[in-house]
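Visitor: Mind having a look at this structure? Questions to follow.
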Amino acid sequence: MTAQLHTGSARRIDIVLAGGPVASLQAGDPAAPPVLLVPGYTGSKEDFGPILDPLAGAGLFAVAIDLPGQLDSPGPADPAAYTPAALAETLSSVAAGFGRPVLLLGHSFGGLVARAAVLAAPGLFESLVLLCSGPAAIGGQRRATMDALDPVLEAGGLAAVYAAMQASWQAEPDWVAPPPDLAAYLERRFLTSSPAMLRGMADAIRTEP
């Protein structure tokens, strides 16, 4: 599947905020009702690529962003800056820039950020959709995997973590190699991310009440 590589007619635009630029993909008429799409942990704006044009075609102004520290959005070097509450401030600043209530969708960890933003500033948002976003901290195998990768990140950085993740996935009996262009994109996306973001969001996912 190469969905992230196909973003249709979406325009790549940096949203300038006081805390730094937020990278976005935008499709549709900027005067139309805005819908803001927030990616999950280790995700990016491109995850919403296949739905940007359909949303625009439905009469909406579709805006997908990278959260700070993800891919094309620079972020602070402090892991504490990547809690849902802290990132919700960035999200609220983006939403305020539209000048009218925003339809908000958060995927996975982005759902935790979206929920925090709505609770902190409900007047900025018209609606909230949570996509594959749990109500609290994760557990089970996903939690165990994140715990196991903590020392790998400390010892070898992002490249070592990515290599360990690849080895784990490839050991699965149903693993299928992605096309080379998608594999290259996913590797670049991960290695471009902020290590502080990776630590901070991981800690947040493991402690969300």
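Visitor: Considering only region 1-19, state which residues are within 27 Å of Ala184 (Cβ to Cβ) and not in a helix (DSSP H, G or I).
Guide: Passing the criteria: Met1, Thr2, His6, Thr7, Gly8, Ser9, Ala10, Arg11, Arg12, Ile13, Asp14, Ile15.
Visitor: Condition (residue is open to solvent by 20 Å² or more (accessible area, probe 1.4 Å) and either more than 22 Å from Phe190 (Cα to Cα) or touching a helix residue (DSSP H, G or I) at 6+ places or on another chain (Cβ under 6 Å) (or both)) applied to region 66-77: is it met by at least one residue?
Guide: yes
Visitor: Going by what's in this entry, would Val94 be described as closer than 30 Å to Ala32 by Cβ and surrounded by 12 or more Cβ atoms within 10 Å (Cβ to Cβ)?
Guide: yes
Visitor: Additional query: Hey, does region 54-65 have a residue that's surrounded by fewer than 17 Cβ atoms within 10 Å (Cβ to Cβ), touching a strand residue (DSSP E or B) at 6+ places or on another chain (Cβ under 7 Å) and farther than 22 Å from Ser108 by Cα?
Guide: No, because not a single residue in region 54-65 is surrounded by fewer than 17 Cβ atoms within 10 Å (Cβ to Cβ), touching a strand residue (DSSP E or B) at 6+ places or on another chain (Cβ under 7 Å) and farther than 22 Å from Ser108 by Cα.
Visitor: Just the residues that are open to solvent by less than 50 Å² (accessible area, probe 1.4 Å) and either charged (D, E, K, R) or touching an Asp or Glu at 6+ places or on another chain (Cβ under 6 Å) (or both), please, taken from region 97-111.
Guide: Leu103
Visitor: Another question about this same structure. What are the pairs, 6+ residues apart or on separate chains, where a residue within region 148-168 that is within 12 Å of Leu198 (Cα to Cα) has its Cβ under 9 Å from a residue that is in a helix (DSSP H, G or I) and among the acidic types (Asp, Glu)?
Guide: Tyr162/Glu187
Visitor: Looking only at residues that are touching a residue at least 60 places away in the same chain (Cβ under 8 Å) and outside any loop (DSSP other than H, G, I, E, B) in region 170-185, which one is most open to solvent (accessible area, probe 1.4 Å)?
Guide: So, considering only residues that are touching a residue at least 60 places away in the same chain (Cβ under 8 Å) and outside any loop (DSSP other than H, G, I, E, B), the one most open to solvent (accessible area, probe 1.4 Å) is Asp181.
Visitor: Output the qualifying pairs, or none if there are none: Cβ atoms under 9 angstrom, residues six or more apart or on different chains, first residue in region 117-133 and open to solvent by less than 70 Å² (accessible area, probe 1.4 Å), second residue among the aromatic types (Phe, Trp, Tyr).
Guide: Ala117/Phe125; Val118/Phe125; Leu124/Phe98; Ser133/Phe109
Visitor: Further, regarding this structure: Please tell me if Ala18 is among the hydrophobic types (A, V, I, L, M, F, W, C), at pLDDT below 95 and surrounded by fewer than 18 Cβ atoms within 10 Å (Cβ to Cβ).
Guide: Taking the combined requirement at face value, the residue satisfies it.
Visitor: I've got another one for you. Quick test for you: out of Ala80, Ala85, Ala32, pick the one residue that is without any contact (Cβ under 8 Å) to a residue 40 or more places away in the chain and open to solvent by 50 Å² or more (accessible area, probe 1.4 Å).
Guide: Ala85
Visitor: Do you know which residues across region 186-209 are open to solvent by 60 Å² or more (accessible area, probe 1.4 Å) and not in a loop (DSSP other than H, G, I, E, B)?
Guide: Within region 186-209, Glu187, Arg188, Leu191, Thr192, Arg199, Asp203, Thr207 meet the criteria.
Visitor: Another question, if that's okay. Quick check on my filter: what residues within region 146-169 are closer than 21 Å to Pro84 by Cα and surrounded by fewer than 13 Cβ atoms within 10 Å (Cβ to Cβ)?
Guide: Asp147
The values are calculated or read from the model by the stated rules, or taken from the named source; none is laboratory data. Values in this document were obtained by computation on a predicted structure and should not be read as measured data. With ideal geometry, Cβ positions are generated from the backbone for all residues, glycine too; neighbour counts draw on all protein chains shown. Remember, those area values only see protein heavy atoms, side chains included, never the ligands or the DNA or RNA. Shrake-Rupley method; radii C 1.70, N 1.55, O 1.52, S 1.80 Å.
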